[in-house]
Structures are given as C-alpha cells and as structure tokens.
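Here the structure comes first, spelled out in structure tokens, and everything after it is commentary.
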Amino acid sequence: MIAVVAGTVGPIGFLATQMSFGLHQLFGITDGYTTQLTVLLILAGVYMASVMTGLHKGIQLLSRFNVLLALGIAAVILLFGPTLFLVNTYTQSMGEYVTSFFSMATMTAETAPDWWMKWWTVFFFAWFIGYTPLMAVFVSRISRGRTVREMILAVALLAPIAMVSAGHDEPSPWIRVFWGGAMAMMAAILLYMGAGQIGVLQQFIVITAIPVSLIILPSLWTGPKAAMAMAREQGIV
C-alpha cells in the first residue's frame, strides 16, 4: 500500500508542478506553491467525483475522455508539429534503448558517473517498481476473459488503491474518497518542502520502491509458470 501511494503521489506532484509552469508560461499566472495547491485540489475533486459515481459512470466517462484527448493531442502534434523530427527521434531512441538497456540497467556507483545514479533513468526504474502493485491489481481486474498475449499488447503498447485497504474488490466510495484526498494532501506536503520539490518526490518514490522490489522478485519465476499452467488448461499449448 505504501508503494502504491508513493507511485501515485509522485505523478500527482509532478503534474501539479508541470501545470503550474504551463499556466505561468501561457497566462502569466504565478508559478508557485499556491498555484500548485490549487491544481492539486482540482485534481482531487475530479477524482472524488468520479469514484463516487462508480466504475461504470464517472470513471468510465473520465477514462474515455482521457484516451480521446490523448489521441487528439498526439494527432495534432504529428500533423502540425515537427513530424520528421519526432519520427527520427523516436526511431533513434528506440534503437538506443534496445542496444543499451542491459548496460544501463546494471550500472553501479562504481562504474557509472555520479550524476547517472542520481538522475532520471534510475529514478524511473524505481518508480515503475513502486507502481507494480497498483498496475497488477488494475490490469488483472480489467483483463478478465482476455488472453495473456492480448493483455501484454494492450498494456505495453496502448498504454485501485482502496481495493487493497478494504480487503475486497468493492470498497466503499468513501474509502476511495479518503485515499484520493490523502494522496493529494501528501503531494501538497512534499511540494511544500522547498525548492527541491522534484528531488523530494523522487526520493520518496525510490525509497518506497526498494522493499517492493524484493517482494515482486519471485514473480519473475512464478509469473511465467502461472501463464503456462493457464495456457495448458485452455488448450493453447
């Protein structure tokens, strides 16, 4: 639960700083803690309203709107932005990712520059580890009836905290509201801690991800075994 909260609080805090900066650049609104806190309150309000209306109303409507908005923004950027530059950068970045993944992922403080161990790449590894419990519960819940192949493709290419605390898959809306408000409050506290806001959020996520990485390690072995057992039961292999 701690890792799930950390993995969620971080993005909320990052979004608040990004929106505050964007509002400052576009409309001259002061880029400070007051603006960031206002953004957090709006986000918390939207979340609470959606969970109170249930999975098949508010959350579904919000999710569909989010997907359509993302596709619309991507289309605008590709059509009216530096399309050739984006395509070239994406291709080169994917090539670099494939060729350098293992060397980058296994760097230590002895072999890597000091800035590498403190900067974004290692942080993102820890962030995704911290997100593992949340994504495992969420993906398994929405993927019932689908094949493992379909689930992996949808999650990897197309890109329910309250459920854990309640002990069942239908938590009270008020429990969901509590967690939404609590995470917004935690993000506000972390952002209030000074000029190194991004650094504070990063440290919070990385520290909570360390014990989770040990807990999920056995799934590297048990996950494929479970998938093979399901495939045999379904007559796929």
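Here, each number is a calculation from the coordinates, and none is a lab measurement. Just so it is clear, the model here is predicted, and its values are computed rather than measured. Neighbour counts are summed over all protein chains in view; Cβ atoms, including those assigned to glycine, are modelled from backbone coordinates with ideal geometry.
Couplings for segment 94-104, taken from phi via the Karplus curve 6.51 cos²θ - 1.76 cosθ + 1.60 with θ = phi - 60°, read 5, x, 5, 4, 5, 6, 10, 4, 5, 5, 6 Hz in order; Gly and Pro are left as x.
Under a 5 Å amide H cut-off, with hydrogens placed 1.01 Å from N, Ile29 pairs with His24 among residues at least 5 apart or on other chains. Sorting 33-45, 75-87 by their mean Cβ neighbour count within 10 Å, with the most densely packed peptide first, gives 33-45, 75-87.
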